[in-house]
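Student: My structure is below; once you've seen it, I'll send some questions.
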Amino acid sequence: MKYIIGNWKANKNKAQAKAWIGEFLELSLENFQDKVAIIVCPPYPFLTLAHKAFKDTPIQLGSQDISFFHAGSYTGEVAANTLADLVSYCIIGHSERRRYFKETDATVAQKTANVRDFEIEPIVCVRGISDQIPKNVKIIAYEPVHAIGTGNNESVKKILEVKKCLHLDPDTIFIYGGSVIPDNSEEYLGSDEIDGVLLGGASLDPKKFYKIIKYAL
Ligand code: PGA
């Protein structure tokens, strides 16, 4: 099973989100179910409409982040409790969160615990071997900062060197992210050691996203 995860980041307005969903659903998703896990992570405000649209499809939803806090008086926050019936996955510790919002290993551990309480699967992002991975995390995305949004995608050789140094449990699902596009996705998806890709830019266009999914078949 390969994981193809699309992180829209802070992109798209409502009309654009609807257009993406409409276009993507017109593409054939038959026979994907056993081979590919398709996970789309739109901004919070579009989760409800995506949830409705993806009902009865193999597409699963994820959030791009979660609050450090549990439900309560935390104006502007989105707690795990709120997303419990909306998303199956949650990206935690993306390097942009660590960089712009000063998230630390401790924040990542707390957020991981928060989503687990609501049976949301954390996808924990690490920039390299110095980022701590909370215990028993099933999905790890290795995303070197120099590769994100730059076109400097990491070589499979280097990715596997880092993977080795992470000393992951053999059952861990290991994902790579950083400038993956249709033209280079085959090398990652062709590796038995890489269980999928986390896409930023390439996930914004439903056709590009679909092309990458097809390489996973
Ligand atoms: P990118 O982003 O595909 O645009 O490089 C990847 C990510 O940040 O997850």
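Student: Under 8 Å by Cβ, and 6 or more places apart or on different chains, what pairs join a residue from the stretch 95-106 that is under 17 Å from P134 (Cα atoms) with one that is open to solvent by 70 Å² or more (accessible area, probe 1.4 Å) and within 12 Å of the ligand (Cβ to nearest atom)?
Tutor: Here the result reads S95/R127; S95/V145; R98/R127, each pair linking the stretch 95-106 to a residue that is open to solvent by 70 Å² or more (accessible area, probe 1.4 Å) and within 12 Å of the ligand (Cβ to nearest atom).
Student: Out of the residues in the stretch 120-165 meeting the condition of being touching a strand residue (DSSP E or B) at 6+ places or on another chain (Cβ under 9 Å) and charged (D, E, K, R), tell me which one is surrounded by the fewest Cβ atoms within 10 Å (Cβ to Cβ).
Tutor: This residue is K138.
Student: Consider only pairs whose beta carbons are under 8 Å apart and that are at least six residues apart or on different chains; among these, list those whose first residue lies in the stretch 191-203 and is under 23 Å from A17 (Cβ atoms) and whose second residue is open to solvent by 20 Å² or more (accessible area, probe 1.4 Å) and near the ligand (Cβ under 6 Å from one of its atoms).
Tutor: Qualifying pairs under 8 Å: G200/I148; G200/G149; G201/G149; G201/S179.
Student: Residue check, K163 against (1) out of contact with any Asp or Glu (no Cβ under 9 Å at 6 or more places or on another chain); (2) away from the ligand (no atom under 16 Å from the Cβ), all met but one. Which one?
Tutor: (1)
Student: Regarding L217, is this residue away from the ligand (no atom under 15 Å from the Cβ), within 29 Å of L25 (Cα to Cα) and surrounded by fewer than 18 Cβ atoms within 10 Å (Cβ to Cβ)?
Tutor: Values: away from the ligand (no atom under 15 Å from the Cβ): yes; within 29 Å of L25 (Cα to Cα): yes; surrounded by fewer than 18 Cβ atoms within 10 Å (Cβ to Cβ): yes.
Spelling it out, L217 is indeed away from the ligand (no atom under 15 Å from the Cβ), within 29 Å of L25 (Cα to Cα) and surrounded by fewer than 18 Cβ atoms within 10 Å (Cβ to Cβ).
Student: Return the residues of the stretch 100-119 that are open to solvent by 50 Å² or more (accessible area, probe 1.4 Å) and either closer than 18 Å to L198 by Cα or aliphatic (A, V, I, L, M) (or both); say none if nothing qualifies.
Tutor: A106
Student: Can you name the residue in the stretch 66-89 that is part of a helix (DSSP H, G or I) and within 17 Å of the chain's Cα centre (by Cα) and, of all such residues, is surrounded by the fewest Cβ atoms within 10 Å (Cβ to Cβ)? Explain how you work it out, then say what you get.
Tutor: Start the filter on the stretch 66-89 by keeping residues that are part of a helix (DSSP H, G or I), which leaves 80-83.
Applying the additional criterion that residues be within 17 Å of the chain's Cα centre (by Cα) yields 80, 83.
On the way: A80: 24, L83: 21.
The qualifying residue surrounded by the fewest Cβ atoms within 10 Å (Cβ to Cβ) is L83.
Student: Regarding S63, is this residue surrounded by 18 or more Cβ atoms within 10 Å (Cβ to Cβ) and over 22 Å from L29 (Cβ atoms)?
Tutor: Working: surrounded by 18 or more Cβ atoms within 10 Å (Cβ to Cβ): yes; over 22 Å from L29 (Cβ atoms): no.
The answer is no for S63.
Student: Is it true that E119 is within 16 Å of the ligand (Cβ to nearest atom) and either of a type in the set (D, E, K, R) or within 17 Å of the chain's Cα centre (by Cα) (or both)?
Tutor: On the way: within 16 Å of the ligand (Cβ to nearest atom): no; either of a type in the set (D, E, K, R) or within 17 Å of the chain's Cα centre (by Cα) (or both): yes.
For E119, the condition - within 16 Å of the ligand (Cβ to nearest atom) and either of a type in the set (D, E, K, R) or within 17 Å of the chain's Cα centre (by Cα) (or both) - is not met.
The values are calculated or read from the model by the stated rules, or taken from the named source; none is laboratory data. Computed from a predicted model, the values in this text were never measured in an experiment. Note: ideal-geometry Cβ built from the backbone for every residue, glycine included; neighbour counts use all protein chains shown. Just the protein is used for accessible areas: all its heavy atoms, side chains included, with ligands, DNA and RNA removed. Shrake-Rupley method; radii C 1.70, N 1.55, O 1.52, S 1.80 Å.
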